[in-house]
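Have a look at the structure below before the remarks.
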Amino acid sequence: MKQILFGFLIICFVFLVACNNETETTSQGKSESAESDGTAVKEEKEEKDENGDSDQSGIEETPTVEPQYMVSDNWSLVPMKEGVNENVVLLTIDDAPDKYAVEMAKTLKELDANAIFFVNGHFLVTPEQEEMLQEIHDLGFSIGNHTFNHVTLPDVSEEEQKEEIVSLNDRIEEIIGERPVFFRAPHGANTDYSIEVAEEEGMTVMNWSYGYDYFKPYMDAEKLAHAMVTGEGPEVDISYSLLKPGANLLMHDREWTLEALPDIVNGLREKGYEMLDPNLIQNH
Ligand SMILES: [Zn+2]
């Protein structure tokens, strides 16, 4: 009898321990699921918030910005009405995105300076190059059309001119989801027809006021910065200053230009110039 009772007690003990374990397991399970539920709710909420934000920024991105500057006949930027700061310069970077454009964009972003990057289609072939363009665009810079193959437009047929311009807009749209609103012909060489095509594409055509980074004596950061900030290039026979309110400044995707950027931007600011936001330029 004692043995039976002992056996019964052991069974009860085992049962209790088992029940207890089960409860623990269950409560652990519950608390885990409660935690994960909590996280899920939080994530869902964050997602909603993100959606909310993106909706809002979508509204902000709608082009409600009123144009304040127009491109003049000599390619400088002039205020369209009184009260608009005329002491601005427009920074432009051509032949991108080759080797230094992304670094240039990051540098300009750090300096809080705006610019247009004029790109070529032959630099937009590989996935890495596509990413470079996307990154420049994501940093907030305007992407301009500089023809697909950097051809001298007057040297090719009208059919080719159109192809050079339109196919690059298609390519850019494929990558960043937007078509350019600015066009600059290689070497500044347009034809009546290329201007017509660019305008049909809804782009504003512009050459530039001055630039020095493609002249041998200025392929040096210090010399280049000095030339860009003074507007003078005595070593290429420009002994007077081309820096004027609204000047359209030409630079390229080059190592010495990247290195000179902070001095160029800071030097121009010290002279009282603001780097113009391309979004304020009246579009064709
Ligand atoms: Zn070029």
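Here are a few things to note about the model shown:
Residue-by-condition table, conditions (1) crowded, with 16+ Cβ neighbours inside 10 Å; (2) within 16 Å of the ligand (Cβ to nearest atom); (3) more than 23 Å from VAL229 (Cα to Cα):
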{"residue": "LYS81", "(1), (2), (3)": "no, no, yes"}
{"residue": "ASN85", "(1), (2), (3)": "no, no, no"}
{"residue": "ILE93", "(1), (2), (3)": "yes, yes, no"}
{"residue": "ASN114", "(1), (2), (3)": "yes, no, no"}
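- Every pair of residues 6+ apart whose Cβ atoms lie under 8 Å, when the first sits in the range 246-270 and is more than 16 Å from the ligand (Cβ to nearest atom) while the second is part of a strand (DSSP E or B) and among the hydroxyl-bearing types (Ser, Thr, Tyr): GLY246/TYR69; ALA247/TYR210
- Some residue of the range 132-149 being surrounded by fewer than 22 Cβ atoms within 10 Å (Cβ to Cβ) and in contact with a His (Cβ under 9 Å, 6 or more places away or on another chain): yes
- Output for the range 118-149, where each listed residue is among the aromatic types (Phe, Trp, Tyr), within 16 Å of the ligand (Cβ to nearest atom) and outside any helix (DSSP H, G or I): PHE118, PHE148
- Check on VAL229, without any contact (Cβ under 8 Å) to a residue 60 or more places away in the chain, buried (at least 19 other Cβ atoms within 10 Å of the Cβ), under 27 Å from the mean Cα position of the chain (by Cα) and under 18 Å from SER76 (Cβ atoms): yes
- Put simply, of SER157, SER209 the only residue that is under 29 Å from TRP256 (Cα atoms), polar (S, T, N, Q) and at pLDDT 95 or above is SER209.
- The range 180-202 - residue that is in contact (Cβ under 8 Å) with a residue 24 or more places away in the chain and away from the ligand (no atom under 16 Å from the Cβ) and, of those, nearest to GLU158 (Cα to Cα): TYR193
- Flag if ALA221 is in contact with a Phe, Trp or Tyr (Cβ under 6 Å, 6 or more places away or on another chain), in the same structural domain as ASN74 (by TED's automatic domain parsing), under 24 Å from LYS99 (Cβ atoms) and crowded, with 23+ Cβ neighbours inside 10 Å: no
- Conditions (1) among the hydrophobic types (A, V, I, L, M, F, W, C); (2) within 16 Å of the ligand (Cβ to nearest atom); (3) part of a strand (DSSP E or B): number failed by VAL89: (2)
- Flag if MET219 is within 24 Å of the chain's Cα centre (by Cα) and under 19 Å from LEU91 (Cβ atoms): no
Table: residues versus (1) in contact with a Leu (Cβ under 8 Å, 6 or more places away or on another chain); (2) among the acidic types (Asp, Glu); (3) assigned to a helix (DSSP H, G or I).
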{"position": "VAL151", "(1), (2), (3)": "no, no, no"}
{"position": "GLU163", "(1), (2), (3)": "no, yes, yes"}
{"position": "GLU173", "(1), (2), (3)": "no, yes, yes"}
{"position": "HIS187", "(1), (2), (3)": "no, no, yes"}
{"position": "SER194", "(1), (2), (3)": "yes, no, yes"}
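- Of residues in the range 182-196 being within 16 Å of HIS146 (Cβ to Cβ) and surrounded by fewer than 21 Cβ atoms within 10 Å (Cβ to Cβ), the one farthest from the chain's Cα centre (by Cα): THR191
The values are calculated or read from the model by the stated rules, or taken from the named source; none is laboratory data. This is a predicted model, so every value here is computed, not measured. All Cβ positions, glycine included, derive from the backbone under ideal geometry; neighbour counts span all protein chains shown.
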